Amino acid sequence: MNKIIELKNISKSYDGVKVLNDINLDIYDNEFLTLLGPSGCGKTTTLRLIGGFEQPDEGDVIFMGERINDVPAHKRNVNTVFQKYALFPHLNVFENVAFALRERKVPKDEIEEKVHEMLSLVMLSNFSKRDVTSLSGGQQQRVAIARALIAQPKVLLLDEPLGALDLKLRKDMQQELKKIQKATGITFIFVTHDQEEALTMSDTVVVMSEGKIQQIGTPIDVYNEPVNAFVADFIGESNILDGVMLKDYKVKFADQIFECVDSGFGTNEPVDVVIRPEDVDIVKPEDGMLKGTVTSVTFMGVHYEIIVDVNGFKWMIQTTDFVDENENIGLAIDPDAIQIMKKSEYSGLYGDYSTYSDEVEELTEIESGELDISEVEGTEEE
Amino acid sequence: MKKNGKPVWGLLGPYTVWAFVFIVVPLGFVAYYAFTDNSFSFTFDNITRFFTATSQSGDSEVRTYLLIFWRSLKLAFISTVICLLAGYPMAYIMSRADSRKQKIMMTLIMIPMWMNFLIRTYAWMTILQDTGILNGFLAKVGLGKVHIIGTESAVVIGMVYDYLPYMILPIYSVMAKMDLKLIEAARDLGCNSYGVFRRVIFPLSMPGVLSGINMVLIPSVSTFYISQKLGNGKFFLIGDAIEGQYVANNLHFAAAMAFILMVILIIMMALIKKFTNGMAYGGDTE
């Protein structure tokens, strides 16, 4: 695979605050790459550097082998789908999509043909004469995609494009974007704070926090083998415990010694241990490696989410077995369900599930500006 | 204004009463006077007089009121164009400045409006007179004198000075609300700065331009005081003519001229709107 974009040692500050700190990233041809992280992690700034809307303070942006730090946005072979679409309200659907070609003085027949091709790609063939302000959010989204793709960019940048859509439409658009990416063979760089979206759509996930890249890998890699507590906590649900690597394949946590599949750590090195909630088996108390009391049970549809108190540490377990509140149960953990991570600056920041509730999580998201309440309520009409 | 999704029309009550008593009824009177003679019997005479009355100008005979009206339109049109050319860049720069600078610029634009219109016009007289401030300054720096007062230029200067804020403000308010992402989108799709302006900023600013034109053209056409003071009374405008007839207690003919002016302005505004709509929304379509 060919490298299409390289970011080399990129740093960027606004008003003395460092928003990107020594970013190094290679992006390949035909790749669906997602920049994932909470708001303020630098993912949108990274995208804007590639789009040409920002210049790095330090480091280089390399596009197909050429340094493009000073190339303005309109001369880059890159197009963007903006967060709230940024469709031109004075132009109809056809003219919005035709915008880039008109700028290039493409002959009329060719424009006509290309626009219709693009509109059928996004399934809006009958909408060409419509006013963009009369479209639903999902339809506007499609126009924005068609408008960005018509110039046949090498790379398409998508800045949280699904953020304003309701859940069901969002899922449909995820599938559709993936399909469009496959069909066109264009590299997609997708920015989101939604870890589920990142996992379902991407070939490569880049997890960012505080202006730094935490981990680059396939969705399966970052889920199964998070490199530190931040990634483990941000992607999916995790029980993160303090542990000590006694020697290769032996780890001690929760006052017990477990077999594991990791090696290469120092003798008695302190580590963070991640165990995913779905990897814990519920057994009879006498058969369990750990014993605990169920403190809450939530029915989630496919499974139950239960919180278990093991010597004061609240575990989350996802199970299809029914258990009652206050029941004493045993916990069994297979060696390959135990992921060992080096200690990092994020160690100890993510506690157990003692204060866990969906509602609290959602409220903090709204507070931190990740979710706009007006968007959550949605105005989808499809 | 809405309760359970329905507008509460009752809230419009006070304005409706105001508009009826002070706008609709007086307009009715204007029309009534325009089409009646001194004994209040119906006549077209006032209207035909406007179009046919003649007077001697030098060797030739001219249609008095049509000439005055034509001059009013010409000076108003020149003033509006100058206001647009000066005001548009100002509005654009102001809308892109940081908020502290925006406030300062706004204040500078508003300050002249805090002063009385008559005083401002007198101030221009003292500046533009043959022995005024401007010529004093030109003499100091060794340049020759200019004769401005009593020319059409002086009238245009006065109009531009008075009405420029009314051009800047509506354009500015449209520009300030413009989504900056649209400009980024245009750049992203291959536009350089000129292209961004031509294809996005300018068409989107058209509603502001249109209301700016409305707000400058209409008062300039019907202004009367500026021309008397800065034109030394040599350039009678339609506003002066109406005022003159009114002062001379010729109410019916004054009303007829006001009526004709109103009808012509309405037609003009409709034409401008039609023309600019085409520009704003059909610029790139065939």
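The values are calculated or read from the model by the stated rules, or taken from the named source; none is laboratory data. These numbers were taken from a predicted model, which means no experiment stands behind them. Virtual Cβ from ideal backbone geometry, glycine too; neighbours counted across all protein chains shown.
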Some residue of segment B:175-183 being closer than 27 Å to B:Thr80 by Cα and within 21 Å of the chain's Cα centre (by Cα) = yes
Only listed residue being of a type in the set (Lys, Arg) and more than 17 Å from A:Ser238 (Cα to Cα), chosen from A:Lys314, A:Lys291 = A:Lys291
Would you check if A:Leu162 is under 19 Å from the mean Cα position of the chain (by Cα), away from chain B (no Cβ under 14 Å), in a loop (DSSP other than H, G, I, E, B) and in contact (Cβ under 8 Å) with a residue 24 or more places away in the chain?
-> yes
Could you pull out the residue among A:Ile10, A:Ile23, A:Ile5 that is in contact with a Pro (Cβ under 6 Å, 6 or more places away or on another chain) and surrounded by 22 or more Cβ atoms within 10 Å (Cβ to Cβ)?
-> A:Ile10
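Quick one: count up the residues across segment B:116-142 that are within 28 Å of the chain's Cα centre (by Cα) and more than 14 Å from B:Leu164 (Cβ to Cβ).
15
Just a yes or no: is a residue in segment B:14-35 in a strand (DSSP E or B) and farther than 20 Å from B:Phe236 by Cβ?
No: segment B:14-35 contains no residue that is in a strand (DSSP E or B) and farther than 20 Å from B:Phe236 by Cβ.
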Scanning for something among the β-branched types (Val, Ile, Thr), free of Cβ contacts under 8 Å to residues at least 60 places away in the same chain and either out of contact with any Asp or Glu (no Cβ under 9 Å at 6 or more places or on another chain) or in the same structural domain as A:Gly51 (by TED's automatic domain parsing) (or both), does segment A:237-251 turn up at least one residue?
-> no
Of the residues in segment A:56-80 that are out of contact with any Phe, Trp or Tyr (no Cβ under 9 Å at 6 or more places or on another chain) and within 14 Å of another protein chain (Cβ to nearest Cβ), the one that is surrounded by the most Cβ atoms within 10 Å (Cβ to Cβ) is A:Asn79
Return the residue satisfying two criteria in turn: it lies in segment B:54-73 and is assigned to a helix (DSSP H, G or I) and free of Cβ contacts under 8 Å to residues at least 40 places away in the same chain, and of such residues it is farthest from B:Leu265 (Cα to Cα).
-> B:Thr64
Does A:Gln215 satisfy the condition of being of a type outside the set (A, V, I, L, M, F, W, C) and not assigned by TED's automatic domain parsing to the domain that holds A:Met316?
-> yes
From B:Met105, B:Met90, B:Met110, B:Met94, residue being under 26 Å from B:Ile171 (Cα atoms), exposed (fewer than 13 other Cβ atoms within 10 Å of the Cβ) and under 24 Å from the mean Cα position of the chain (by Cα) = B:Met110
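Among the residues of segment A:240-249, is there at least one that is in a loop (DSSP other than H, G, I, E, B), of a type in the set (Asp, Glu) and touching a Phe, Trp or Tyr at 6+ places or on another chain (Cβ under 8 Å)?
For segment A:240-249, residues in a loop (DSSP other than H, G, I, E, B), of a type in the set (Asp, Glu) and touching a Phe, Trp or Tyr at 6+ places or on another chain (Cβ under 8 Å): present.
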Taking interchain pairs and intrachain pairs at least six residues apart, which have beta carbon atoms under 7 angstrom, with the first residue in segment A:107-122 and acidic (Asp, Glu) and the second in a helix (DSSP H, G or I) and crowded, with 19+ Cβ neighbours inside 10 Å?
-> none
For segment B:163-266, list the helices (runs of 4 or more DSSP H) that sit wholly inside it and hold at least 2 residues that are more than 10 Å from chain A (Cβ to nearest Cβ) and under 25 Å from B:Thr48 (Cα atoms); which are they?
-> B:202-222, B:238-247
Restricting the search to segment B:36-48, which residues are in a helix (DSSP H, G or I) and among the charged types (D, E, K, R)?
-> B:Asp45
Which one of these is within 15 Å of the chain's Cα centre (by Cα) and among the hydrophobic types (A, V, I, L, M, F, W, C): A:Leu199, A:Leu156?
-> A:Leu199
Examine segment A:99-111 for a residue that is closer than 15 Å to A:Gln141 by Cβ and within 12 Å of chain B (Cβ to nearest Cβ), and state whether such a residue exists.
-> no
Return the total of residues in segment A:115-146 being touching a helix residue (DSSP H, G or I) at 6+ places or on another chain (Cβ under 6 Å) and not β-branched (Val, Ile, Thr).
-> 9
With (1) surrounded by 11 or more Cβ atoms within 10 Å (Cβ to Cβ); (2) over 22 Å from the mean Cα position of the chain (by Cα); (3) among the charged types (D, E, K, R) as the list, and B:Lys6 as the residue in question, which single condition is left unmet?
-> (1)
Do we find a residue being surrounded by 19 or more Cβ atoms within 10 Å (Cβ to Cβ), at positive phi, in the same structural domain as A:Glu345 (by TED's automatic domain parsing) and assigned to a loop (DSSP other than H, G, I, E, B) anywhere in segment A:274-292?
-> no
